[in-house]
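Enquirer: Please find one structure pasted underneath; my questions will follow.
The values are calculated or read from the model by the stated rules, or taken from the named source; none is laboratory data. Note that the structure is predicted; figures quoted are calculated from it, not measured. Note: ideal-geometry Cβ built from the backbone for every residue, glycine included; neighbour counts use all protein chains shown.
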Amino acid sequence: MNIREFDRVAREVFAPVYPVIAGQIRARTGITAGVCLDIGTGGGYLGIALAGLTDLEFYLMDKSPEMLEIAYMNVVGAGLQNRVRTILGDVHDIPREDNSVDLVISRGSLFFWEDKSRAFSEIHRVLKPGGKAYVGGGMGTGKLYRKIREEMEKRNPERQEDGKEGRFADHRELYREALNRAGISTYTLIRGDEGSWIQIAK
């Protein structure tokens, strides 16, 4: 992965998505204070957008040190370094104590988790009782999805369409099995114009 190019696309193409999804997370979870962990944060754009809508303290986690450097610069640029920190880590072994996080979020990294059952188990472990997770992928609305897809096709006409065979396929049964293997019984699978999301409650 060319990290600089990946981040440039996130900034230039996906920018309208993050505030919309942040608003959906706030509305669906109702969690606006405490500690939030953003897994696979990349440049930190979703966490930063949610910070603007809540009083949460944030840990932006990624397994790429270079991505975390970009995220930190974005945090400083947003003037949020007093309540947004970056941490190096992987979803399969989250460097946080048990019952230490009120809200876990992640957009786009779920599709790269090698062991989804272990990842869900780790997310559940770090959540406080009463905490929630909102993880998955999408563009927030059907209109945004179409707009961004058109822009991406303009930038890379040879790009293979993800479509039904890619990350936008219906993986709800796969997620359900992984959640059940992790011993998680309180969850909601969301699929619609906003994308494909999993909401977990502890």
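Enquirer: Which of the following residues is closer than 19 Å to K132 by Cβ and free of Cβ contacts under 8 Å to residues at least 40 places away in the same chain: R26, R11?
Expert: From the options R26, R11, the qualifying one is R26.
Enquirer: A further question follows. Restricted to segment 21-33, and to residues that are out of contact with any Gly (no Cβ under 8 Å at 6 or more places or on another chain) and not in a helix (DSSP H, G or I), which residue is nearest to G192 (Cα to Cα)?
Expert: Residue satisfying both the conditions and the ranking: G30.
Enquirer: So if I check each of A71, A10, A49, which one is within 30 Å of K154 (Cβ to Cβ), in contact with a Pro (Cβ under 6 Å, 6 or more places away or on another chain) and in a helix (DSSP H, G or I)?
Expert: Step by step, each of A71, A10, A49 is checked, and only A49 is within 30 Å of K154 (Cβ to Cβ), in contact with a Pro (Cβ under 6 Å, 6 or more places away or on another chain) and in a helix (DSSP H, G or I).
Enquirer: I've got another one for you. I'd like to verify a number: residues in segment 1-47 that are basic (K, R), touching a helix residue (DSSP H, G or I) at 6+ places or on another chain (Cβ under 9 Å) and surrounded by fewer than 15 Cβ atoms within 10 Å (Cβ to Cβ), how many?
Expert: The number of residues fulfilling the criteria is 2.
Enquirer: Also, quick follow-up: Only one of these is over 22 Å from M61 (Cα atoms), surrounded by 12 or more Cβ atoms within 10 Å (Cβ to Cβ), at pLDDT 95 or above and of a type in the set (D, E, K, R): R176, R125, R149. Name it.
Expert: R176
Enquirer: Within segment 45-80, count every residue that is among the acidic types (D, E) and farther than 21 Å from G34 by Cα.
Expert: The total comes to 2.
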